[in-house]
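Here is the structure we will look at, set down as structure tokens.
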Amino acid sequence: DAICNFVICNDSSLRSQPIIFNPDFFVEKLRHEKPEVFTELVVSNITRLIDLPGAELAQLMGEEDPKLPGANSTASGFFRSLMSLKRKEKGVVFGSPLTEEGIAQVSQLIEYLHKNLRAEGLFRVPGNSIRQQILKDALNSGTDIDLDSGEFHSNDVATLLKMFLGELPEPLLTHKHFHAHLKIADLTLFDEKGNKTSTPDKERQIEALQLLFLILPAPNRSLLKLLLDLLYQTAKKQDKNKMSAHNLALMFAPHILWPRNVTANDLQENITKLNNGVTFMIKHSQKLFKAPAYIRECARLHYLGSRAHTSKDDLDLLTSPSSKELQPLKCQKRSRLDTCHQEETQQRTEEALKELFRHVHNMPDSAKKKKLIRQFNKHPTALTPGSDVPTSPAPRRTRSRSFSGLIKRKVLGTPVILERKSRDATPEPERISKENVHLLQKCGSPAHMSQAKLKSLEGRKEESCRRMRAHLLSKDSSSL
């Protein structure tokens with residue numbers, strides 16, 4: 001029932017490694033196979049969290065060109081043209097749009113910096129310009145670089161990484177997302193009266209960033225994750241390198257979030273929001289690249305179409321105070337359903353007993369009928385249906401009690417029974433009575449007769465018939 005991808009690996013050394021389940025498997029599958037459905041799902045939840053007017057929403061969806069601060073200024077236009085001319089002189093990696101090949105080259109810088117996070121003033125202190133140019137040319141040409149040879153310093157590598165980000169045609173978070181990030185900075189908590197406070201709503205901010213990162217282009221998202229992981233680890237060692245999350249945000253906000261070719265005067269009051277936004281991303285980077293639980297569930301249901309096979313990671317994320325409050329309600333609902341089922345079963349049993357009681361009262365008078373009635377009377381609460389069933393006995397029928405009638409019933413039993421069936425209005429009384437007796441015995445009635453007693457009664461009846469035959473034959477012989 002589940003959709004799985006299998007990869008056959010011929011390397012015996014890799015077969016023993018544990019298989020890691022990716023909880024975002026169906027999210028990534030939906031993103032690649034049906035990007036329109038995926039984008040609509042994510043954007044609908046983004047607009048639930050932040051208020052995006054029609055123009056800003058169209059910019060986020062790529063339907064309109066983003067309107068950025070300072071775009072109409074003559075100075076900024078000249079500055080943007082100058083920067084574009086400089087980018088034409090760049091190589092394959094620096095100054096070019098972000099590609100997987102460029103990420104593969106720059107990832108060497110990131111791996112090296114992970115090993116050298118203790119350098120004081122990392123990303124703030126500039127490196128040697130000559131060594132940086134050598135390293136830059138090597139990356140553009142695609143040649144192999146041995147950063148561990150000792151030829152380059154960690155400050156050279158850190159400065160070159162910032163240079164690479166600064167020469168991208170647009171910031172790492174793209175121009176389309178600029179207004180959305182400004183709105184995320186305004187997400188604050190509400191007080192008991194429903195008034196907006198100045199305290200940031202961190203949970204909603206994390207959720208909004210998770211959603212925005214999902215609709216980033218794949219190369220941008222991959223490099224952003226590598227970069228934020230590096231800055232997070234750098235901030236953890238701030239006692240050695242003297243670089244806190246806020247200090248790192250001041251270094252990287254222009255490359256990650258600021259629109260290209262703008263000055264500080266163009267941004268004005270938004271600079272604080274943007275810098276604080278990058279600081280927040282660095283501190284919470286380990287949570288921002290996981291899809292929200294409801295996005296995972298929607299993507300999984302899109303392919304599986306059922307709620308089975310829920311992963312443990314989904315169950316952990318879905319466990320919240322609201323879901324814990326719903327558990328007692330679910331138990332109460334289940335108990336009510338069980339009670340209703342028991343009452344329905346009991347009602348059906350009572351109706352069946354009422355029907356059986358009616359059959360017994362409609363039977364012709366006989367010893368079996370009397371026995372059944374006595375059994376009902378012994379258990380009035382369990383078997384007697386109450387006032388719904390008529391208690392008046394059926395009209396008594398006269399029957400012969402002479403010796404000749406007894407002999408006829410014993411000798412010619414079958415014709416007599418058939419003749420009686422044709423006269424009676426009640427269909428098949430003997431068969432119904434036997435079924436009723438059998439049902440009552442199943443119900444546990446204590447008034448049933450043992451097999452030994454039945455055999456003794458039959459024996460007595462046969463003995464009396466034998467004596468009557470002998471008496472009649474002796475009468476006939478004496479008269480003759």
Going through the range 237-279 in order, the residues found to be farther than 24 Å from Lys183 by Cα, assigned to a helix (DSSP H, G or I) and without any contact (Cβ under 8 Å) to a residue 24 or more places away in the chain are Gln238, Asp239
Looking at Glu100 and the list (1) exposed (fewer than 15 other Cβ atoms within 10 Å of the Cβ); (2) at pLDDT below 80, which single condition is not satisfied? (2)
Could you list, in sequence order, the residues of the range 120-131 that are surrounded by 13 or more Cβ atoms within 10 Å (Cβ to Cβ) and either closer than 14 Å to Gln108 by Cα or of a type in the set (A, V, I, L, M, F, W, C) (or both)? Leu122, Phe123, Val125
Write out, first by first residue and then by second, each pair whose Cβ atoms fall under 7 Å of each other, whose residues are 6+ apart or on separate chains, and whose first residue, in the range 110-133, is in contact (Cβ under 8 Å) with a residue 24 or more places away in the chain while the second is in a loop (DSSP other than H, G, I, E, B) and open to solvent by 100 Å² or more (accessible area, probe 1.4 Å). Glu120/Lys242; Gly121/Lys242
Looking only at the range 100-154, how many residues end up being polar (S, T, N, Q), closer than 20 Å to Glu167 by Cβ and in contact with a Ser or Thr (Cβ under 8 Å, 6 or more places away or on another chain)? 1
Out of Leu301, Leu288, report the one residue that is in a loop (DSSP other than H, G, I, E, B), modelled with pLDDT of 90 or more and out of contact with any Asp or Glu (no Cβ under 9 Å at 6 or more places or on another chain). Leu288
Examine the range 229-244 for a residue that is touching a Phe, Trp or Tyr at 6+ places or on another chain (Cβ under 9 Å) and either open to solvent by 50 Å² or more (accessible area, probe 1.4 Å) or aromatic (Phe, Trp, Tyr) (or both), and state whether such a residue exists. no
Can you tell me which residues in the range 113-162 are in a helix (DSSP H, G or I) and more than 23 Å from Leu248 (Cβ to Cβ)? Ile130, Gln133, Ile134, Asp137, Ala138, Asn140, Ser141, Asp148, Ser149
Kindly indicate whether Glu207 is assigned to a helix (DSSP H, G or I) and acidic (Asp, Glu). yes
Looking for something closer than 23 Å to Phe289 by Cβ and in a helix (DSSP H, G or I) - is there at least one such residue anywhere in the range 187-203? yes
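The values are calculated or read from the model by the stated rules, or taken from the named source; none is laboratory data. Because the structure is a prediction, the values reported are computed rather than measured. So basically every Cβ, Gly included, is an ideal-geometry build from the backbone, and we count neighbours across all protein chains shown. Ligands, DNA and RNA are excluded from the accessible area calculation, which covers all protein heavy atoms including side chains. Shrake-Rupley method; radii C 1.70, N 1.55, O 1.52, S 1.80 Å.
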